[in-house]
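Notes follow the structure.
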Amino acid sequence: IFHIILIMATSSWSREQQDLQRLLDTTRNDIDKMISYERNGNRANVVKFKRDAKAKLKQVATRVPKLERQLQGATNITDSELRLRASQLKKLKRDYTEYKGLIENK
């Protein structure tokens, strides 16, 4: 039973990490579209994609700390799994910071 609980916790963490990465990927697409429309002078679409990107970043900002707490409280995972998760978490934070900066400069 303990092994099943551990697998569920691992898959839950991985699923959330993947969801957040997908959310950040779509945020990046929104930012790219926003920049493209800005170059073309299409203000309405700039506003739309900026709003969409901000909403997605807000979701990431609330969900990443929860993921981080889960990682800090994780027990019975291997050192290599811990390092992998820490690396994935670091990438999420790095992407978030980069995209937030791009949005704030527009």
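Net length available on complete extension from Arg83 to Glu16 is 22.4 nm, with 0.36 nm assigned per residue and the Cα-Cα distance removed.
Rounded to the nearest 10 degrees, the angle from helix 2-39 to the longest Cα principal axis of the chain is 10 degrees. Rolling a 1.4 angstrom probe over the protein heavy atoms with all chains in place gives the chain an accessible area of 66 Å² per residue.
In percent, rounded to a whole number, the relative contact order of region 18-106 is 38, using alpha-carbon pairs under 8 Å and six or more apart. The stretch between Arg51 and Thr97, if pulled fully straight at 0.36 nm per residue, gains 14.9 nm over its current Cα-Cα span.
Only protein atoms count toward the accessible area here, which uses a 1.4 Å probe; on region 20-106, the carbon and sulfur part of that area reaches 49 percent.
The values are calculated or read from the model by the stated rules, or taken from the named source; none is laboratory data. Model, not experiment: these values are computed from the prediction. These accessible areas exclude ligands, DNA and RNA; they are computed on the full protein's heavy atoms, side chains included. Shrake-Rupley method; radii C 1.70, N 1.55, O 1.52, S 1.80 Å.
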